[in-house]
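Student: Below you'll find the structure I mean.
The values are calculated or read from the model by the stated rules, or taken from the named source; none is laboratory data. Since the structure is predicted, the reported quantities are computational estimates derived from the model, not experimental observations. Reconstructed Cβ throughout: ideal geometry from the backbone, glycine too, with neighbour counts over all protein chains shown.
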Amino acid sequence: MPPKLGARVRLLAAGDTNKNDPDDARSVAVAALRSAGVREVRPDDHAAVLKIWSKRYRDLGRTRTQVVCRLHAVLCDLVPGGVSRPIYAVHAARILQQITPPDAVAAARCELAAAFLDDLRRIDAQIRETRKKLATAVQATGTSLTRLFGVGPVIAAAVIGDVRDVSRLPGRDCFAAYDGTAPMEVSSGPRKICRLSRRGNRRLNHAIHMAAVTQVRQPHSEGRAYYDKKLAEGKTRREALRALKRQVSDAVFTRLRIDARRTQAQARDPGGQ
């Protein structure tokens with residue numbers, strides 16, 4: 001533990017911190033009252049629904065990874081040489097059917113593997129159901145994000161759920177800083193240096209990353225052409241992928257702005273004959 005942090009912990013433990021929370025709260029309130037960019041508090045809209053199901057999808061994915069790792073570890077104890085292929089429910093069931101436990105220890109491992117297999121099947125069913133709900137919720141928004149190559153209902157739900165109101169971001173540069181695809185400047189004196197940004201919304205950054213990777217994997221996509229162009233310019237694979245992620249970020253921002261303008265136009269239009 002750093003000495004400064006250790007001293008801070010001891011100070012907090014003693015109860016004598018001279019904290020100025022009331023003064024800080026008053027300063028924040030004054031700044032918020034006088035700021036011209038303060039936005040009104042609004043009730044949750046349909047974007048909150050997308051965020052809820054998107055979080056559920058991520059949680060199920062993490063749980064599935066844990067179950068697969070545990071099942072893989074048990075199968076490696078049962079199969080000589082281990083299992084080299086990726087573990088799926090059908091594959092694991094076929095392996096278990098071929099195992100004849102020679103003793104009580106192997107029988108217990110087979111029972112444990114069967115329990116993990118049941119968990120895996122249940123989680124897979126929940127993931128499929130959650131994906132259907134995500135697709136229905138995204139379709140209800142009428143968004144044009146899904147027209148972008150590599151952006152499906154899962155990625156669109158993650159983007160809309162985290163961004164919500166795109167009008168709070170004045171431009172694509174601010175959006176890139178928000179999602180972490182804009183590089184950070186770490187210049188010193190006359191040297192102009194930029195490095196990879198670790199800031200921003202990491203969930204949104206991951207969604208854009210998955211869209212960019214999908215484009216790179218498809219030889220006929222425009223994203224792959226841009227990726228190859230950056231490689232021809234001397235960029236490394238990681239640098240080319242980061243450049244492509246910025247292009248995807250700009251395209252996502254443009255789509256979000258188009259959707260927001262269309263929604264505002266529909267709200268102003270009372271309809272009629």
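Student: Is it true that some residue in the stretch 49-63 is small (G, A, S) and at pLDDT 75 or above?
Tutor: yes
Student: Then there's this: For the stretch 107-145, name all the residues that are hydroxyl-bearing (S, T, Y) and without any contact (Cβ under 8 Å) to a residue 12 or more places away in the chain.
Tutor: Across the stretch 107-145, the qualifying residue is only T136.
Student: Please tell me if D119 is under 26 Å from the mean Cα position of the chain (by Cα), over 30 Å from V159 (Cβ atoms), part of a helix (DSSP H, G or I) and among the charged types (D, E, K, R).
Tutor: Criteria met by D119.
Student: Same structure again: Please go through the stretch 42-97 and give me each residue that is in a loop (DSSP other than H, G, I, E, B) and closer than 30 Å to V166 by Cα, ordered by number.
Tutor: Within the stretch 42-97, R42, P43, D44, D45 meet the criteria.
Student: Let me ask something else about it. Given the criteria in contact (Cβ under 8 Å) with a residue 40 or more places away in the chain, in a helix (DSSP H, G or I) and β-branched (V, I, T), does V28 qualify?
Tutor: no
Student: Go through (1) on the phi > 0 side of the Ramachandran plot; (2) in contact (Cβ under 8 Å) with a residue 24 or more places away in the chain and name the single condition G61 misses.
Tutor: It fails just one condition, (1).
Student: While we're here: So which of A211, A243 is in a helix (DSSP H, G or I) and either loosely packed, with under 12 Cβ neighbours inside 10 Å or under 16 Å from the mean Cα position of the chain (by Cα) (or both)?
Tutor: The conditions single out A211.
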